[in-house]
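For reference, the structure discussed in these notes is given below.
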Amino acid sequence: MSLTTSFVGLTLQSPVIVASGPASHDVNQIRLAQEQKAGAVVLKTACSDKYIHMRSWPRPRYKLLDWDKQIAGRSKAFSLYAYEQGYSGTLEDYWQFIRVCKEHASIPIIGSIFADEAHEWQEMAVKVEQSSADAVELDISSPHRPGSLGFETTFVAAIKAVVVAVKIPVLVKLSPGPDVVQQSVSAQECGAKAVTLCNRLRGVDVDIENQRPILHGYFGGIGGPWAKYYTFRHVAEAAQAISIPISGTGGTMSGEDVIKYIMLGATTVQILSVIMINGWESIGRINGEIEQYMKRKGISSLDQIRGKALESITYPDEIIRWSGESKKGPRNTWNDDKIG
Amino acid sequence: MDNKQAKYPGLHPLPPAFVTDFPPVAVVVEERCIACDRCPPLCFFDAIVMEHRAAHKYERTAVVVTENCTGCGLCFEACPVDAFVWAPDKTLGARPSKAMGESERDLSA
């Protein structure tokens with residue numbers, strides 16, 4: 001029995017990957033992820049020089065919504081409201097960051113970049129490759145990206161430009177919009193080696209005392225345990241439409257969630273909120289929970305359950321149905337005497 | 001509905017008033033700290049450590065390492081007794097490192 005997972009040509013010791021964000025913005029965090037036997041780490045996204053303002057972060061930028069501090073870590077339903085920004089150093093710092101991570105880490109390191117012009121995407125991806133990263137993730141879907149950049153208008157060209165320029169695998173991280181399947185197909189056609197589904201939703205919360213949006217005043221990325229069901233569906237739909245592997249991400253709190261993603265066709269699962277909320281030990285705990293399940297079910301490899309639930313997806317015209325409630329019963333008789 | 005009366009008010013949902021002049025950093029009010037150890041692991045910037053205090057009720061207290069603090073606000077959410085407050089970091093100058101400019105507005109498109 002082993003959690004070993006093959007993903008875009010890399011061999012991962014676990015399907016659990018640390019997603020791009022505050023848990024992968026410095027070198028020591030890579031060590032922590034490795035100690036917990038994470039499969040890989042996606043580094044924090046570096047933004048091109050045009051988006052230099054995204055290297056400066058508002059204060060504060062996180063708030064836990066629907067969160068009772070008295071039962072910290074046991075809250076089952078909460079939202080992490082975050083105005084998370086890009087890697088805070090220069091691009092030179094970022095290349096150096098990748099090099100240092102690669103020198104010391106034994107797990108694969110995946111760079112993450114954001115730009116707008118295709119040639120910038122390309123130049124940055126080449127730099128990521130030269131810095132010896134194992135793969136590059138194109139973060140075309142940050143909830144904080146400029147809304148003027150569209151998938152068809154900007155990102156298709158970006159993916160194409162990157163794919164021809166680098167030999168390392170290219171992952172494309174998509175937003176949880178209505179076009180996930182179509183965009184996944186496009187990404188595959190453009191030559192991406194995997195898609196990451198999905199980035200965070202964009203949301204907003206209001207402080208009713210002060211009658212304005214909370215924190216910095218603009219929309220933030222929202223995520224939390226509730227967000228997984230939406231992504232489960234996207235993964236399930238995309239898995240039926242594309243042949244490249246999927247890295248599922250969103251709302252994963254436990255090994256069960258990882259297993260669900262895998263049963264819906266994901267190859268790897270990226271986690272982050274759970275690390276922020278429950279600590280680095282979460283990675284080890286999730287790995288342990290997956291192993292327990294495999295042991296209980298007598299599974300030796302996750303390949304045996306990958307896409308298993310997809311086989312039972314039942315389409316509306318196949319769902320077994322019975323006639324509805326009898327229309328002559330007492331619930332359909334209007335009786336004035338019973339009112340009031 | 002008075003915000004201040006809430007049982008667990010958490011992080012005040014708005015930045016402190018001085019945010020336009022000085023970057024806010026978190027500071028622990030040591031007398032309030034109950035040494036529950038919840039904030040150091042929640043901090044992703046290694047900015048909170050537990051320190052020994054012989055005179056403290058619990059003999060330990062959380063302390064913010066100001067140089068590491070990015071003012072993200074997550075520690076406020078970790079603290080069951082609201083021991084965190086905002087303080088201006090006057091070492092970093094009196095203007096935000098990036099004020100709202102044209103490129104910033106681009107993000108709101």
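Read-outs: derived from the displayed coordinates by stated rules, not from any lab. Note that the structure is a prediction, hence the values are computed from the model and not measured. When we count neighbours, we look across all protein chains shown, and the Cβ atoms used for this are built from the backbone with ideal geometry, even at glycine.
Check the straight Cα-Cα distances from A:LYS37 and name the aspartates and glutamates below 12 Å, setting aside those fewer than 8 residues away within the same chain.
Straight-distance partners of A:LYS37: A:GLU281.
Measure nothing but the geometry: give the 0 to 90° angle between the long axis through the Cα atoms of A:228-241 and the longest principal axis through the Cα atoms of chain A, rounded to 10°.
70
Give me a single rounded figure for A:81-87: the average over its residues of other chain Cβ atoms within 10 Å of their Cβ.
Across A:81-87, the average partner-chain Cβ count within 10 Å equals 1.
Any idea what the dipole of the protein assembly as shown comes to, in debye rounded to 20, about its Cα centre with Lys/Arg Cβ at +1 and Asp/Glu Cβ at -1?
In debye, rounded to 20, the protein assembly as shown gives about 920.
Within 10 Å of each Cβ in B:65-78, how many Cβ atoms from other chains are there, averaged over the peptide?
The mean count of partner-chain Cβ atoms within 10 Å per residue comes to 5.
As I understand it, the value is the acute angle between the Cα axis of helix A:180-190 and the longest principal axis of the Cα atoms of chain A; what does it come to in degrees, rounded to 10?
Tilt relative to chain A: about 30 degrees.
Taking springs between alpha-carbon atoms closer than 10 angstrom, which of A:GLN34, A:GLN211, A:GLN292 fluctuates most in the Gaussian network model of chain A?
A:GLN211
Net charge around A:GLY21, counting only other residues with Cβ within less than 9 Å of its Cβ (Lys, Arg = +1; Asp, Glu = -1)?
My count for the surroundings of A:GLY21 gives 0.
Given the options A:VAL27, A:VAL204, A:VAL185, which has the most mean-square fluctuation in a GNM of chain A, springs set between C-alpha atoms less than 10 angstrom apart?
Checking each option, the largest mean-square fluctuation is seen for A:VAL204.
If we sort A:313-322, A:76-85 on the protection proxy, mean other Cβ atoms within 10 Å, highest first, what's the order?
Going from most to least packed, we get A:76-85, A:313-322.
By the scheme Lys and Arg +1, Asp and Glu -1, what is the net charge of all other residues having a beta-carbon under 15 Å from that of A:SER300?
The answer is +3.
Suppose we keep just the DSSP beta bridges with both residues in the protein assembly as shown; what percent of those would be antiparallel, to 5?
45
Using θ = phi - 60° and the Karplus relation 6.51 cos²θ - 1.76 cosθ + 1.60, list the HN-Hα couplings for the stretch A:158-164 in order, rounded to whole Hz, with x at every Gly or Pro.
In residue order, the calculated couplings are 5, 4, 4, 5, 6, 4, 6 Hz.
Remind me, relative contact order of the stretch A:183-235 in percent, using alpha carbon pairs under 8 angstrom and six or more residues apart?
33
Eight or more residues apart or on different chains, and alpha-carbon atoms under 24 Å: count the Lys pairs in the stretch A:154-287 matching that.
9
Can you tally the net charge around A:PRO143? Count Lys and Arg as +1, Asp and Glu as -1, for every other residue whose Cβ sits under 10 Å from the Cβ of A:PRO143.
Net local charge, A:PRO143 excluded: +2.
Can you list the aspartates and glutamates whose alpha carbon is less than 15 Å from that of B:LYS90, not counting same-chain residues fewer than 8 positions off?
Within reach: B:ASP21, B:GLU67.
Could you work out [θ]222 nm for the protein assembly as shown from helices alone, using -39500 (n - 2.57) per DSSP H run of at least four and dividing by all its residues? Round to the nearest 500 deg cm²/dmol.
Here the helix-only value at 222 nm equals -7500 deg cm²/dmol.
How many angstrom lie between the Cα centre of the stretch A:77-127 and the Cα centre of the stretch B:38-66?
30
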